[in-house]
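The values are calculated or read from the model by the stated rules, or taken from the named source; none is laboratory data. All of these numbers come straight from a predicted model, not from anything done at the bench. In this analysis, Cβ positions are derived from the backbone assuming ideal geometry, glycine residues included, and neighbour counts consider all displayed protein chains. These accessible areas exclude ligands, DNA and RNA; they are computed on the full protein's heavy atoms, side chains included. Shrake-Rupley method; radii C 1.70, N 1.55, O 1.52, S 1.80 Å.
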Amino acid sequence: MLADHTAADVIDRIDYDLARLRRYSQPWGGQFVVTLRAKKLDVWTAAFLARHPDAVVLHLGCGLDSRVFRLDVPAGVDWYDVDVPEVMVGRRKLYEEQPRYRMIGSSVTDPGWLEEIPADRPVLVVAEGLLPYLVEADVRGLLQRITDRFARGGELLFDGVPRWTPTVTRFFRSGIGDGSELEAWNPRLRVVDRVSALQEWATIPLRPQRVAFRVFAALPLSRDYVRLFRYEIRAA
Ligand SMILES: C[S@@+](CC[C@H](N)C(=O)[O-])C[C@H]1O[C@@H](n2cnc3c(N)ncnc32)[C@H](O)[C@@H]1O
């Protein structure tokens, strides 16, 4: 679904018992949630970069994701993958920096790393599977530092879970409502898209999983559990 040959190559190089992941490929498993999520963020990323081939990309909480290699990134784009230092140690064993691709080992809540990034270009911020792990004050601070730094504006893409999730699961520390709360925090942000991560369930190539996700996408609780948000970052 992602046409991600880099990820396939990386998986071949990792000594990991992939049989452990088998249960995730069951119809009720989570792999298609993250695949559909990644695909939609790929589509939004590619569309932004087509409009702004001189952009700076901040790919926050990148983990081992290979988005920079699976997309056809315009030659004028500078791409920064950011994750905590211990994750970056692992990532650097699998991927190499290039002149316009850099990896930064830092918490996104640390203000220092942003100072390394050129600020005079449109910015695309992609935070996939990250913001629910941060407390709300850290999300607000991060977004404020980003909008303060990039006067030309750009876009912000991320996934969010409902506001009630931190009260019922220890994994998540913050949730999001209809997205307008970010606009209230920060007038430079304007929500332009808000969709269920399951929206494109019909693209799942395996029939049992496709049927299961058709049902999940019809039920409000599962449909709205992971939503994808796209914000315009207004120019200052
Ligand atoms: C669920 S994984 C998502 C990884 C990747 N974005 C993906 O979708 O495959 C969450 C990632 O966020 C990173 N992360 C969590 N807190 C972070 C922080 N404060 N600063 C930077 N990265 C963080 C974790 O190390 C992990 O790699």
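Just the accessible area per residue of the chain, please: how many Å² with a 1.4 Å probe?
Details: 11940 Å² over 236 residues.
For the chain, the per-residue accessible area is 51 Å².
The calculated FRET efficiency for Ala218 paired with Asp138, based on their beta-carbon distance and R0 = 35 Å, is about 0.55.
A helix-only calculation puts the chain at -10000 deg cm²/dmol for mean residue ellipticity at 222 nm, using -39500 (n - 2.57) for each DSSP H run of at least four residues, averaged over all residues. Given DSSP loops and a limit of at most 15 other Cβ atoms within 10 Å, what is the longest stretch of the chain that contains no such chymotrypsin sites (Phe, Trp or Tyr not before Pro)? Here the longest run is 29-163.
Computed from backbone phi with θ = phi - 60° and the Karplus coefficients 6.51, -1.76 and 1.60, the 3J(HN,Hα) list for segment 31-46 is 4, 7, 5, 6, 6, 5, 4, 4, 5, 5, 5, 4, 5, 5, 5, 4 Hz; x is used for glycine and proline.
Within the assembled protein chains, the solvent-accessible surface assigned to Leu21 is about 70 Å², based on a 1.4 Å probe.
Give the carbon-plus-sulfur fraction of the accessible surface of segment 30-233 in %, rounded to a whole number; probe 1.4 Å, heavy atoms of protein chains only. Could you put the intermediate results ahead of the total?
Numbers: 5100 of 9290 Å².
Answer for segment 30-233: carbon and sulfur cover 55 percent of the accessible area.
Would you mind telling me the antiparallel percentage of the DSSP bridges in the chain, rounded to 5?
Working: 15 of 35 bridges.
In the chain, approximately 45 percent of DSSP beta bridges are antiparallel ones.
Taking max minus min of the alpha-carbon positions on each principal axis, segment 13-56 gives extents of 42, 27, 10 Å, largest first. Dipole magnitude for the chain: about 800 debye, using +1 per Lys or Arg Cβ and -1 per Asp or Glu Cβ, origin at the Cα centre.
How much length would be gained if the chain were fully extended between Leu206 and Asp9, taking 0.36 nm per residue of separation minus their Cα-Cα distance, in nm to one decimal?
Values: separation 197, 0.36 × 197 = 70.92 nm, distance 2.23 nm.
The span from Leu206 to Asp9 would gain 68.7 nm if fully extended.
Rounded to the nearest 0.05, what FRET efficiency is calculated for Arg170 and Val43 with R0 set to 25 Å and r the Cβ-Cβ distance? Could you put the intermediate results ahead of the total?
On the way: r = 32 Å, r/R0 = 1.28.
That gives a FRET efficiency of 0.20.
If eta is 1.306 mPa s and T is 10 °C, what Stokes-Einstein diffusion coefficient results for segment 67-164, Kirkwood Rh from Cα pairs, in µm²/s? List each step's numbers first, then the result.
Numbers: Rh = 14.7 Å.
Answer, rounded: 108 µm²/s.
Altogether, the Stokes-Einstein calculation at 10 °C and 1.306 mPa s, with the Kirkwood radius of segment 99-236 over Cα pairs as Rh, returns a diffusion coefficient of 96 µm²/s.
Apply 1/(1 + (r/R0)^6) to the Cβ-Cβ distance of Glu232 and Asp72, taking R0 = 25 Å, and write down the FRET efficiency to the nearest 0.05.
Details: r = 23 Å, r/R0 = 0.93.
With a Förster radius of 25 Å, E is 0.60.
About its Cα centre, segment 94-149 has a charge dipole of approximately 160 debye under the convention of +1 per Lys or Arg Cβ and -1 per Asp or Glu Cβ, with nothing else charged. Here the scattering of the chain is modelled by Debye summation over its C-alpha atoms, one equal scatterer each and no solvent; at q = 0.17 Å⁻¹ the log10 of I(q)/I(0) is -1.45.
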